[in-house]
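Asker: Below are the structure tokens for one structure; questions will follow.
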Amino acid sequence: LLLLIDKIVGHIIPLRFVLFASVGGMGLFVHLAVLATLNRGVGISFVNANLSAAMVAMTFNFFVNNLLTYRDMRLKGFWPIMRGLLSFYAVCAIGTISNVGIASVLFQQHYAWWFAGIAGALLGAVWNYTVTSIFTWRTGRS
């Protein structure tokens, strides 16, 4: 399947970005599920629920990307994974701050909670891909 995808779009979009974006799409569902549970289910404020959802989705994305997207540079062992996770958090912090900020503004302007959550999550996708591919998984190369 990956070879087929690479053949179809590889000359336009790198396969690794397609995988990263696919994992991000799965992370978006995780983000929305946590956001809905905390904000609509538990009653936590939108800002706090969205921040928590972003952290859960980032953690999910790191582990799935480590297994699939960066398979050839997979981080192994407790300390390399912890350093990678902390690096992933650090470089995604700007994307997360932007995510929470834009989502909060949209929500305050009476956009639907799910639209605000999606817009915020999409804002950091290209940033996160570029920066984590440089700082998080490059350290995994020997």
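Asker: Taking the criterion of being more than 22 Å from LEU67 (Cα to Cα), under 22 Å from the mean Cα position of the chain (by Cα) and of a type outside the set (Val, Ile, Thr), would at least one residue in the stretch 15-32 satisfy it? Show your work before the answer.
Answerer: From the stretch 15-32, those more than 22 Å from LEU67 (Cα to Cα) are 32; that's our starting set.
If we keep only those that are under 22 Å from the mean Cα position of the chain (by Cα) as well, we get 32.
Keeping just the survivors that are of a type outside the set (Val, Ile, Thr) gives 32.
Within the stretch 15-32, one or more residues are more than 22 Å from LEU67 (Cα to Cα), under 22 Å from the mean Cα position of the chain (by Cα) and of a type outside the set (Val, Ile, Thr).
Asker: Based on what the data block shows, is VAL34 open to solvent by 40 Å² or more (accessible area, probe 1.4 Å), among the aliphatic types (A, V, I, L, M) and closer than 30 Å to GLN109 by Cα? Break it down stepwise before answering.
Answerer: Working: open to solvent by 40 Å² or more (accessible area, probe 1.4 Å): no; among the aliphatic types (A, V, I, L, M): yes; closer than 30 Å to GLN109 by Cα: yes.
No; evaluated as a whole, the condition is false for this residue.
Asker: Looking at the stretch 67-83, which of its residues are assigned to a helix (DSSP H, G or I) and either more than 19 Å from VAL131 (Cβ to Cβ) or among the charged types (D, E, K, R) (or both)?
Answerer: Applying the first criterion (assigned to a helix (DSSP H, G or I)) to the stretch 67-83 yields 67, 71-73, 78-83.
Answer for the stretch 67-83, where residues must be assigned to a helix (DSSP H, G or I) and either more than 19 Å from VAL131 (Cβ to Cβ) or among the charged types (D, E, K, R) (or both): LEU67, ARG71, ASP72, PHE78, TRP79, ARG83.
Asker: Now, a different point. Is it true that ILE102 is at pLDDT below 90, loosely packed, with under 14 Cβ neighbours inside 10 Å, among the aliphatic types (A, V, I, L, M) and out of contact with any strand residue (DSSP E or B) (no Cβ under 8 Å at 6 or more places or on another chain)? Spell out how you get there, then give the answer.
Answerer: Working: at pLDDT below 90: yes; loosely packed, with under 14 Cβ neighbours inside 10 Å: no; among the aliphatic types (A, V, I, L, M): yes; out of contact with any strand residue (DSSP E or B) (no Cβ under 8 Å at 6 or more places or on another chain): yes.
Taking the combined requirement at face value, the residue does not satisfy it.
Asker: Working only within the stretch 84-142, note down all residues that are in contact (Cβ under 8 Å) with a residue 60 or more places away in the chain, more than 17 Å from GLY24 (Cα to Cα) and not in a helix (DSSP H, G or I).
Answerer: ARG141
Asker: When residues of the stretch 7-16 are filtered for being open to solvent by 60 Å² or more (accessible area, probe 1.4 Å) and either in contact with a Pro (Cβ under 9 Å, 6 or more places away or on another chain) or outside any helix (DSSP H, G or I) (or both), how many remain? Give the steps one after another, and end with the answer.
Answerer: From the stretch 7-16, those open to solvent by 60 Å² or more (accessible area, probe 1.4 Å) are 7-8, 11-14, 16; that's our starting set.
The next check asks that each one be either in contact with a Pro (Cβ under 9 Å, 6 or more places away or on another chain) or outside any helix (DSSP H, G or I) (or both); those that pass are 11-14.
Number of matching residues: 4.
Asker: Next question, about the same structure. Return the only residue of LEU35, LEU75 being in contact (Cβ under 8 Å) with a residue 40 or more places away in the chain, more than 17 Å from THR96 (Cβ to Cβ) and either out of contact with any strand residue (DSSP E or B) (no Cβ under 6 Å at 6 or more places or on another chain) or among the aromatic types (Phe, Trp, Tyr) (or both).
Answerer: Working: LEU35 fails: more than 17 Å from THR96 (Cβ to Cβ).
After applying the criteria, what remains is LEU75.
Asker: Inspect all residues belonging to the stretch 107-118 and state whether any of them is under 20 Å from THR136 (Cβ atoms), surrounded by 15 or more Cβ atoms within 10 Å (Cβ to Cβ) and not β-branched (Val, Ile, Thr).
Answerer: If we filter the stretch 107-118 for residues that are under 20 Å from THR136 (Cβ atoms), which is where we start, we get none.
Taking every residue of the stretch 107-118 in turn, none turns out to be under 20 Å from THR136 (Cβ atoms), surrounded by 15 or more Cβ atoms within 10 Å (Cβ to Cβ) and not β-branched (Val, Ile, Thr).
Asker: Identify, from the list ARG83, ARG71, the residue that is of a type in the set (Lys, Arg), open to solvent by 40 Å² or more (accessible area, probe 1.4 Å) and more than 30 Å from LEU1 (Cα to Cα). Lay out the reasoning, then the answer.
Answerer: On the way: ARG71 fails: more than 30 Å from LEU1 (Cα to Cα).
Matching residue, one of ARG83, ARG71: ARG83.
Rundown of residues vs (1) open to solvent by 60 Å² or more (accessible area, probe 1.4 Å); (2) assigned to a helix (DSSP H, G or I); (3) modelled with pLDDT of 90 or more, yes/no style:
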{"residue": "VAL18", "(1), (2), (3)": "no, yes, no"}
{"residue": "ALA21", "(1), (2), (3)": "no, yes, no"}
{"residue": "VAL47", "(1), (2), (3)": "yes, yes, yes"}
{"residue": "ALA53", "(1), (2), (3)": "no, yes, yes"}
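The values are calculated or read from the model by the stated rules, or taken from the named source; none is laboratory data. If you're wondering where the values come from, they're calculated on a predicted model, not measured in any experiment. Cβ atoms come from the backbone with ideal geometry, glycine included; neighbour counts cover every protein chain shown. We work out accessible area using only protein heavy atoms, side chains counted, and drop any ligands, DNA or RNA first. Shrake-Rupley method; radii C 1.70, N 1.55, O 1.52, S 1.80 Å.
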